[in-house]
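A quick write-up on the structure given underneath.
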Amino acid sequence: MSDDFYKYDGIALGNLIRRGEIEASELLEYVITRIEKINPKINAVIYKLYDQARDDVKKLTDHQTANRSNIDSFKGVPYLLKDLIAESKGTPLSEGSKAIDGYISKIDTELVKRLKNAGMIITGKTNAAEFGLLPASETLFHGSTVNPWNSKLTSGGSSGGSAAAVAAGIVPMAHGNDGGGSIRIPASCCGLFGLKPTRGRNPIGPLFGDIGGGILHEHAVTRTVRDSAALLDITSGPDIGDPYYAPQKSRLFADEVGGNVGSLKIGFLTKVPDGWNETTEIHPDCLEAVKDAAGLCDSLGHYIEEIDADVLGFPEIPQKFGVVFACFVGQAVAYWERELGRQISQDGLESITWKMYQDGKNITGADYLVAVEELQRFSRKIAHWYHDNKYDVLLSPTMRIPPTKLGDFVLTKEDPTKWIRSALSFVVFTRTQNITGQPAMSVPLYWNKDNVPIGVQFAGPFGDEATLFRLAAQLEQARPWADKVPPIHVSRL
C-alpha cells in the first residue's frame, strides 16, 4: 500500500483507527518509514523510540480512555516529543546539550502521562536548541534542523525539530514548549499552526513548578487548528501541587473550533513598540503578512484598527527579560549538576550557553526580583490595554524578520553580538506573552515571493484560548493551509 495517510491530521487518523480502516501498528510503521526516509534531509528526529513505540501499540486497550471520554481523539496516533522538559520514562534526554548526554529519564512527566493515557504513541524525540535558549534548532551536539521550505534556512526554535517534522509530513503534530516564542517561531518558519496556551494551562510538573518566573509554557505545533484544540483538551488542567493554573475553560476547546466567532475588535501593529527592541522597523515581508491578515479579518466582519504601537511601549523589556532569561540558564545548569551529581564544565556547553551562564552569575537575587517586578508591571499595562480599550485580540507579526540562514546564531569573534540581534528580531513580539502569560498563536496565512512561510501572531487576554481557537478555525476555513507541501516532504520522495 502507498502511504497516503500523511494527508490526514491527527483527529482523522484517530477516526480511521477507531473505524478499523487502519491498524495503529500499521500506522506506526508508516511513520517509522517516513522518519527513515525524510529525516536524513532535515535532521528533525534525534532519538528514535521505535521499539518502545511498538510495545506501546501492543498495549493499547479500550479501558485507557474509559474514564475520560473526551480524550480518545488520538488513540493509537504516533507523536513526537521535543527533547526538552517533557520526559518519557526509559528514554534518552539531552535537552540539546552534550553535557547531559547519556541521561535516561526516570519518570513520565505529567504532560507525557496525559498523552500516554490518551493512547498516543511516543515514536521519537525532536531536535531543540541547548536548554531551549535560542529561537533556532542548531547545536554542536545534534546538528542543525533544516527548514523543509528552504534547506538553507532555519526551522526556528527552540521547537524547530518538531516543526520541521510536521511540515515535512512525518506526523501531523508534535510536542513543543515555549519560553520566549519557541512554539510560535518555528510554526511561523515552517508554515504551521502554533499556539502557546495561557500560563498554567498545561502542567510542567512534577519536576518543576515554575521555570523562569512562569515564562515557560507547554503545547504543540500542528497542521490543523482542531488538532491543537483537541490536544489541549487532553493535556490541560492543573496538576496536584501546581503553584498556579489557568482559569477553567467553559467547554472543550475542540468545541470552540467552528463555533460562532462574532465580530471581534482586533488591534494590529505595523511597527515594534518603543522600548521592545533596538529596531522598531518590521521587514517588508512580515509587514505585508500583517496587513494581509488584517484585510482578511476585515473581510470576515471583524473590526480592525491599526494602533499606535508606542501606547504599548515599555523601556525595561529587553534588559529585564534578559535578566530573567540569564537566571533561567543558571537554573538549568544548576538543576543538571544536581541531577547528574557532577559539575558541568565549559567544554560541555555551547559557547552561547556558557556566555549566558557566566553573565548570569553576576546577577543578584535582588536584581532578579526587581526584573520580575518590572515585567509584572508591563503585564498589567498590557492587560489594561485589552480591558480598557475592549480589544479582543492583538495582531502582530510573529517575527520581525523572515527565517534567517542556518548559522546566524553562532557566536563568533568577528561579530560576537550578531546572535543577540538575530534572537531579538525573532522574539520581539512573541516574548510578550511569555511575560504576561497570555495565550497567543502563530497562524500561517502568508508565503513570500520566495515561497517561505511568514506567520502572523494573534494574542488574546489571559485565559481566553477559546476566542483564539474560534478565530483560527475561521481563518483556516477562509484560507486553508494544511495542504501546502514544502519542497522537502515525504510525498516528494
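Just so it is clear, none of the values below were taken in a lab; they were calculated from the coordinates. This structure is a prediction, so every number in the text was calculated from the model and none was measured. Glycine also receives a Cβ, built like all others from the backbone with ideal geometry; neighbour counts cover every protein chain displayed.
Dividing the alpha-carbon radius of gyration of the stretch 114-205 by the rule-of-thumb value 2.2 N^0.38 Å gives 1.04.
Given the stretch 9-492, what percent of its DSSP beta bridges are antiparallel, to the nearest 5? If I count the DSSP bridges inside the stretch 9-492, around 70 percent turn out antiparallel. For the peptides 233-243, 149-159, 176-186, the ranking by mean Cβ contacts within 10 Å, running from highest to lowest, is 176-186, 149-159, 233-243.
What number comes out for the charge environment of residue 172, summing +1 per Lys or Arg and -1 per Asp or Glu over other residues with Cβ under 10 Å away? Every neighbour counted, the sum reads 0. If you wrap the tightest convex hull around every Cα atom of the stretch 9-492 and split its volume per residue, you get 135 Å³. Remark: the stretch 30-38, residue by residue, has Karplus-estimated 3J(HN,Hα) of 4, 5, 4, 4, 4, 4, 5, 7, 9 Hz, where x stands for each Gly or Pro and the curve is 6.51 cos²θ - 1.76 cosθ + 1.60 at θ = phi - 60°.
Sorting the segments 435-442, 140-147 by their mean number of nearby beta carbons within 10 angstrom, highest to lowest, gives 435-442, 140-147.
Averaging sequence separations of C-alpha pairs under 8 Å and six or more residues apart, then dividing by the length of the chain, give the relative contact order as a whole percent. Relative contact order for the chain comes out at 18 percent. If you take every DSSP beta bridge fully contained in the stretch 1-139, what fraction is antiparallel? Give it as a percent rounded to 5. DSSP beta bridges in the stretch 1-139 are roughly 45 percent antiparallel. Between the C-alpha center of the stretch 436-493 and that of the stretch 294-366 there is a gap of 24 Å. Computed over the alpha-carbon atoms, the stretch 204-323 gives an Rg to Rh ratio of 1.02, Rh here being the Kirkwood radius from the mean inverse distance. When the chain is described by a simple charge dipole with +1 on each Lys and Arg Cβ and -1 on each Asp and Glu Cβ, the residue from 74, 417, 44 located farthest towards its positive end is 74. For the stretch 409-417, 3J(HN,Hα) computed residue by residue from phi via the Karplus equation (6.51, -1.76, 1.60; θ = phi - 60°) reads 9, 7, 7, 10, 5, 5, 9, x, 10 Hz, glycine and proline entered as x. Dipole size of the chain about its Cα centre, with +1 on Lys/Arg Cβ and -1 on Asp/Glu Cβ: approximately 540 debye, rounded to the nearest 20. For the stretch 272-332, the convex hull drawn through the C-alpha positions has a volume of 127 cubic angstrom per residue.
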